[in-house]
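Trainee: Before I ask anything, let me first share the structure, which is written out below as C-alpha cells.
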Amino acid sequence: MVRNSVPVILLINGPNLNMLGKRSREHYGSFTLEQVYGAFRTKAEALGVEARFFQSNSEGEIVTAIQEAMGYADGIVINAGAHTHYSYAIMDAIEVCGLPVMEVHISNIHKREPFRNVSVIRQACVGQIYGLGLDSYLVGLEKLCREHVFADSKIAAEQRSGDEGQTGGLSELRSRITEVDAELMRVFNRRMDLAEQIAHLKVSSKSAVYDAARESEVSDLARQRAGEDMATRVDSMMKTMMRISRERQYDILMKTDTDWSIGRELANAGHSLDHVSVVAYAGTRGSYSEAAAKKLFVGKELLPARTFAAACEQLAQKKADVAVLPLENTIVGSVDNVFELLQKNNLYIVRATSIEVAHKLAVIPGTKIEDIRKVTSHPQGLSQCSEAIIRNGWETIVSDNTAFSAQDVAERGDFSLAAISSEEAARESGLEILTTDICNADRNRTRFIVVSADLIITPDADRISTLMHLPHRSGALVSALQVFADRGLNLSAISSRPIAGTPGEYAFFLDFICPSMGQEALLALYQLSFEMPYVKVLGWYVEE
Ligand code: CA2
C-alpha cells in the first residue's frame, strides 16, 4: 500500500449529527455539519494534513469506516454521538485499527445526564475533548496531529536516520521549544496588559480583584480545552496565571488605597526600643528567660514573673515595657500557649533571639544518682530530657519554670528529688550538679521573643511574623505561600494551631525573611488581606 505523503485524518460523525443546526440548539449550537466540515478542512490545511469525512447513523457502518481507515488514514477524530455511551463494537474497532483516535463532543457530556457522563470508547482513544462547541473538533484535530500523528512520524523518521538523526531531532525540538517560549512570553505579556487595564477599571469602580466565580469559569474552560488527560496540569497553569494577574492588579490598587487597615497599622508603628527600661520575664534568677532578657537588654531592669501569662500581665499593667517569652525549642518545637498569649493580649513581637539551653540535673549536695526517684522542671525541660527520664524510670513533677524547680528542690531538702534547670539556677539555689547527660540532644536551643503592647518596627528588622486564618478550600495554604514566593520572600518558619470553637479550621503562623517595611512584603500582605479570611501582622523585627 502506497501512503500519501500528507497525513490523512478522517473525521467520523455518528447518529443524528447530520441534524446539527436544525434542532436542539441549546446543547449543540446553531452550526451545521457542513460548517463543521468547512472549519475542520481549513484547520487541517493549516496543520498540513488532509481531511476526509464520514457520517452515519448506523453503528455497523461506523465500525466498517474505522476498519477501512486502516488502509489510508493516519488518525481519526470521532464524535460517535450517542454510540459513545454504549457501543462496545465501536470501541473494539478503534482498538483494533491501531490508529490514534481522538474522541470529541460538542457539548460537555460530563455536565449532562448521568448516562452521557460515561464514554465506553474513551479507553481506546488517545484523548477526549468536550464542551467547546464546534471548536471541540478543531482542538481535537490539532491535539491529535501535534501529539500523535506528527510526533509518531517524527520518531519514525528519527529512528530511520539513526543516531545522527536523533541529535539533529533533539536540537531541532529544542529550538522549537525556544520559539514556543517566546510566543508564550508574548501571550503572557498581553494577558498582563489586560489585567492592568482591569485594575484601572477596578480602581474607579472599587470592585474586588478576586472573583471566585470568574476564576472557576476560566479554569473550567481551560480544563475542557486541554482535554481530560492534561486537565489538572492546565488548570494549575491557569491558576498560576490568574494569581500573577491578581498580583499585578494589587500592585496598582495598593498605590491609591488609603483605607487599608494593615497598612495604616504598619505606618503608625514605632521605630525604636530606646524607651525600654523594665523587662518582664517568666521565672526567677538563673532561668533561661532571664538569660535571654539579659542578652537582649543589657543593663535594663529585669522583672521576674511566675508564669508566661503573668509576664504578659506586667505589660497590661504597664509595670514593664516589654516581656521576654520562649517561643520554640529545637528538640520539642513550639512552646505551648505563647501564641495564644500573643493573640489574647494583642501583643506584638518586637525582637527575637536564640540561646543555648544546657540542662543540668541539680540535687541537694551529697545526693547520688541512684538516690533520685523524681525529677521536677517546666514541661519543656521535662520533654527535652524525656529519654533520660524514661531510661531511669523517674517520676516527673511539673513546675512553672526550670529555675523555680531548682528552688523547690532546695526548699524541700529531698534527696530523692532532682531539678532539671540551668547551671546558674542550680547555683542560685545552692544545689549541686550531677555530671550526667540528661538532654535528648547534644545541642539544644530555644528561641525567645520580646513582646510589646505596641507595634514597633526598628530599621534593622529582617523578618515578619504573620497570623492567617485560611479558607476551607483545597490548596489554600499553598496559594497563600505562593503569594510570598512570587514576590521573592523566603518562608523561615511555619506552625499551625486549631482555631478555638471552629473544629477543623486552623490558624497559621508564617514567618518570612524581608527587610523593614519592604515593598514586596507590603504588597503580599495587601493581597492576602483581601483573599484570606483573617490576616494579622504579629511583628516585623530583627532576630539577634
Ligand atoms: O455533545 C456531543 O457532541 C454528543 O456526542 C452529541 C450526541 C449525544 O448523544 C452525545 O451524548 C453528545 C447527539 C447528537 C445529536 O445531535 C443532534 C443535533 C441536532 C438536533 C438533534 C440532535
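The values are calculated or read from the model by the stated rules, or taken from the named source; none is laboratory data. Note that the structure is a prediction, hence the values are computed from the model and not measured. Cβ placement follows ideal geometry from the backbone for every residue including glycine, while neighbour counts extend to all protein chains displayed.
Trainee: Is there a residue being outside the structural domain of ARG146 (by TED's automatic domain parsing), within 26 Å of TYR137 (Cβ to Cβ), surrounded by 15 or more Cβ atoms within 10 Å (Cβ to Cβ) and out of contact with any Asp or Glu (no Cβ under 9 Å at 6 or more places or on another chain) anywhere in the range 210-219? Quick ask: steps written out before the conclusion?
Mentor: Taking the range 210-219 first, the residues outside the structural domain of ARG146 (by TED's automatic domain parsing) are 210-219.
Still in the list and also within 26 Å of TYR137 (Cβ to Cβ): 216-219.
Narrowing the set further to residues that are surrounded by 15 or more Cβ atoms within 10 Å (Cβ to Cβ) leaves 218-219.
Now drop any that are not out of contact with any Asp or Glu (no Cβ under 9 Å at 6 or more places or on another chain), which leaves 218.
Checked the range 210-219: at least one residue is outside the structural domain of ARG146 (by TED's automatic domain parsing), within 26 Å of TYR137 (Cβ to Cβ), surrounded by 15 or more Cβ atoms within 10 Å (Cβ to Cβ) and out of contact with any Asp or Glu (no Cβ under 9 Å at 6 or more places or on another chain).
Trainee: In addition: Among the candidates GLN527, GLN482, GLN519, which residue alone is within 18 Å of GLY263 (Cβ to Cβ), within 20 Å of the chain's Cα centre (by Cα) and of a type in the set (S, T, N, Q)?
Mentor: Values: GLN482 fails: within 18 Å of GLY263 (Cβ to Cβ); GLN519 fails: within 20 Å of the chain's Cα centre (by Cα).
From the options GLN527, GLN482, GLN519, the qualifying one is GLN527.
Trainee: Just to verify a result, which residue in the range 98-156, among those that are out of contact with any Leu (no Cβ under 9 Å at 6 or more places or on another chain), small (Gly, Ala, Ser) and away from the ligand (no atom under 14 Å from the Cβ), is farthest from GLN224 (Cα to Cα)?
Mentor: The qualifying residue farthest from GLN224 (Cα to Cα) is ALA156.
Conditions tested, residue by residue: (1) of a type in the set (Gly, Ala, Ser); (2) part of a helix (DSSP H, G or I); (3) buried (at least 20 other Cβ atoms within 10 Å of the Cβ).
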| position | (1), (2), (3) |
| --- | --- |
| SER236 | yes, yes, no |
| LYS255 | no, yes, no |
| ILE262 | no, yes, no |
| ARG285 | no, no, no |
| LYS294 | no, yes, no |
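Trainee: Would you point out which residue out of ILE129, ILE62, ILE109, ILE155 is modelled with pLDDT of 95 or more and among the β-branched types (Val, Ile, Thr)?
Mentor: Details: ILE129 fails: modelled with pLDDT of 95 or more; ILE109 fails: modelled with pLDDT of 95 or more; ILE155 fails: modelled with pLDDT of 95 or more.
Result of the check over ILE129, ILE62, ILE109, ILE155: ILE62.
Trainee: With the checklist (1) out of contact with any helix residue (DSSP H, G or I) (no Cβ under 6 Å at 6 or more places or on another chain); (2) more than 16 Å from the ligand (Cβ to nearest atom); (3) within 27 Å of SER5 (Cα to Cα) in hand, flag the one item ASP92 doesn't pass.
Mentor: Evaluating ASP92 over (1) out of contact with any helix residue (DSSP H, G or I) (no Cβ under 6 Å at 6 or more places or on another chain); (2) more than 16 Å from the ligand (Cβ to nearest atom); (3) within 27 Å of SER5 (Cα to Cα) leaves (3) as the failure.
Trainee: Another one. State which residue is nearest to SER383 (Cα to Cα) when the search covers only the range 447-469 and only residues that are touching a Phe, Trp or Tyr at 6+ places or on another chain (Cβ under 6 Å) and either part of a loop (DSSP other than H, G, I, E, B) or β-branched (Val, Ile, Thr) (or both).
Mentor: ILE464
Trainee: Checking the conditions here, which among GLY38, GLY29 is at pLDDT 95 or above and either closer than 22 Å to ARG146 by Cβ or within 16 Å of the ligand (Cβ to nearest atom) (or both)? Outline the logic, then answer.
Mentor: Details: GLY29 fails: at pLDDT 95 or above.
The conditions single out GLY38.
Trainee: What are the pairs, 6+ residues apart or on separate chains, where a residue within the range 93-107 that is outside the structural domain of ASN13 (by TED's automatic domain parsing) has its Cβ under 8 Å from a residue that is part of a helix (DSSP H, G or I) and within 16 Å of the ligand (Cβ to nearest atom)?
Mentor: none
Trainee: May I pose another question? Please determine whether any residue of the range 1-12 is within 16 Å of the ligand (Cβ to nearest atom), buried (at least 16 other Cβ atoms within 10 Å of the Cβ) and either outside any helix (DSSP H, G or I) or within 44 Å of the chain's Cα centre (by Cα) (or both). Before the answer, list the steps.
Mentor: Looking only at the range 1-12, we keep the residues that are within 16 Å of the ligand (Cβ to nearest atom), and these are 11-12.
The next check asks that each one be buried (at least 16 other Cβ atoms within 10 Å of the Cβ); those that pass are 11-12.
Subsequent filtering for residues that are either outside any helix (DSSP H, G or I) or within 44 Å of the chain's Cα centre (by Cα) (or both) retains 11-12.
The answer is yes; a qualifying residue exists.
Trainee: Show me the helices (runs of 4 or more DSSP H) entirely contained within the range 352-425 in which 3 or more residues are of a type in the set (Gly, Ala, Ser) and closer than 21 Å to ALA309 by Cβ. Walk me through how you get there before you give the answer.
Mentor: Details: elements: 379-384, 386-392, 402-412.
In the range 352-425, there are no helices (runs of 4 or more DSSP H) which contain 3 or more residues that are of a type in the set (Gly, Ala, Ser) and closer than 21 Å to ALA309 by Cβ.
Trainee: For SER405, all conditions in the list (1) within 18 Å of HIS378 (Cα to Cα); (2) surrounded by fewer than 17 Cβ atoms within 10 Å (Cβ to Cβ); (3) in contact with a helix residue (DSSP H, G or I) (Cβ under 8 Å, 6 or more places away or on another chain) hold save one; what is the number of the exception?
Mentor: It is condition (2) that SER405 fails.
Trainee: Here's another thing I want to ask about it. For the range 279-288, which positions are at pLDDT 95 or above and not aromatic (Phe, Trp, Tyr)? Spell out how you get there, then give the answer.
Mentor: To start, the set of residues in the range 279-288 that are at pLDDT 95 or above comprises 279-281.
Matches in the range 279-288: VAL279, ALA280.
Trainee: Would it be correct to say that LEU510 is over 27 Å from ALA199 (Cα atoms), out of contact with any Lys or Arg (no Cβ under 9 Å at 6 or more places or on another chain), outside the structural domain of TYR210 (by TED's automatic domain parsing) and of a type in the set (A, V, I, L, M, F, W, C)?
Mentor: Working: over 27 Å from ALA199 (Cα atoms): yes; out of contact with any Lys or Arg (no Cβ under 9 Å at 6 or more places or on another chain): yes; outside the structural domain of TYR210 (by TED's automatic domain parsing): yes; of a type in the set (A, V, I, L, M, F, W, C): yes.
Yes; evaluated as a whole, the condition is true for this residue.
Trainee: Next question. When the range 311-329 is examined, which residues are found to be surrounded by 15 or more Cβ atoms within 10 Å (Cβ to Cβ), part of a loop (DSSP other than H, G, I, E, B) and not hydrophobic (A, V, I, L, M, F, W, C)?
Mentor: Start the filter on the range 311-329 by keeping residues that are surrounded by 15 or more Cβ atoms within 10 Å (Cβ to Cβ), which leaves 311-315, 320-329.
Right, trim to part of a loop (DSSP other than H, G, I, E, B) and you get 320-321.
Within the range 311-329, just ASP321 meets the criteria.
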